[in-house]
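In what follows, a single structure is set out as C-alpha cells and then discussed.
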Amino acid sequence: MPTLMSDPTVFIRTETLLRPVPLVPEITLHLADEALPIWQRTEEELGEIGLPPPFWAFAWAGGQALARHVLDQPEIVGGRRVLDFASGSGLVAIAAAKAGAARVEACDIDGFAHAAMLLNAKANGVCLHVLTDDIVGEDLGWDVVLAGDIAYERDTAARVFAWLEALAGRGAAVWIGDPGRSYLPRERLEKVADYGVPVSRELEDAEIKRTSVWRPAPL
C-alpha cells in the first residue's frame, strides 16, 4: 500500500472517490465513504494514534454552505484576492476560484490536506495557491477571507475569531460558514443566510444540517 512518505497523492486517490458535493454539485472532490476506516488508515500512514479526523476527506456542512453562498453571489469574491482559511478539501477555495476571484490562497496545516487541495483543484480546473503554515495573526493583504467549520474547539476558536475580527476591522470582507458549533461567538456576528446541508450521519447528528453563513457584526 502507498505510504505518506512515498506520495500522499497516491494515498488520497486510493482511499477516496471523486464525486460531486451534495449542496454544490458544480464541484467534485475526492471524498471518503466512511470516517473511521480512512481515519485509521491516516494514523497508520503517520504511525501515530489519536490524530484529529481527516477533515480534508469530507465536505463539511459549514464549507458546503459557504461554497454555495459564494457561487450564488460571485460578487463577494469577483476580481479579489481571497484566503480560504482551514481549507481542508479546498471546497470553499475552489468555489471562490470558480466565482471569479483574481487569486485564491488555501491554507491548512494538515499535510494530507495540501495534497487533497491540489488534487481537487485540478479536478475542477482551477488554480489554488496552497499555504502550509499557521497564519493566524498574519495579514498578507487579502481582500476576502472565507472560513468554514472553525468553531470546534474553545481555544482555537477564540484565537481564530480574534484574528478574523482584526482582519475585518482593517477592511477585509470576512465570511464564516458554521452549522451551530458550540464555540461560534454568535453575539459578535451577523447572520447572512441559512442553508439545509446534506451531510453524513457519521459526521453529524442529522442527515440535513441547518447551517448559516455569518460575518463579523459592525462595530
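The values are calculated or read from the model by the stated rules, or taken from the named source; none is laboratory data. The shown structure was predicted, so the numbers you read here are calculated from the model rather than taken from an experiment. Because the Cβ atoms are built from the backbone with ideal geometry, glycine has one as well, and the counts that use them run over all protein chains shown.
A compact table of results
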{"item": "Every residue from segment 144-192 that is more than 27 Å from ALA206 (Cβ to Cβ) and assigned to a loop (DSSP other than H, G, I, E, B)", "result": "ARG170, GLY171, ALA172"}
{"item": "Flag if ARG181 is at pLDDT below 95, in contact with a helix residue (DSSP H, G or I) (Cβ under 9 Å, 6 or more places away or on another chain), surrounded by fewer than 17 Cβ atoms within 10 Å (Cβ to Cβ) and not hydroxyl-bearing (Ser, Thr, Tyr)", "result": "yes"}
{"item": "Which listed residue, of TRP142, TRP175, is under 14 Å from the mean Cα position of the chain (by Cα), over 28 Å from GLU15 (Cα atoms) and either surrounded by 20 or more Cβ atoms within 10 Å (Cβ to Cβ) or not acidic (Asp, Glu) (or both)", "result": "TRP175"}
{"item": "Residues located in segment 72-114, provided they are buried (at least 19 other Cβ atoms within 10 Å of the Cβ) and in a helix (DSSP H, G or I)", "result": "ILE76, LEU91, VAL92, ALA93, ILE94, ALA95, ALA96, ALA97, LYS98, PHE112, ALA113, HIS114"}
{"item": "Hits in segment 142-156 - residues which are out of contact with any helix residue (DSSP H, G or I) (no Cβ under 8 Å at 6 or more places or on another chain) and either over 19 Å from THR211 (Cβ atoms) or at pLDDT 95 or above (or both)", "result": "ASP143, ARG154, ASP155, THR156"}
{"item": "Residue satisfying condition, being over 20 Å from GLU153 (Cα atoms) and surrounded by 15 or more Cβ atoms within 10 Å (Cβ to Cβ), within set VAL213, VAL199", "result": "VAL199"}
{"item": "Odd one out for VAL199, checked against (1) modelled with pLDDT of 95 or more; (2) among the hydrophobic types (A, V, I, L, M, F, W, C); (3) under 29 Å from ARG19 (Cβ atoms)", "result": "(1)"}
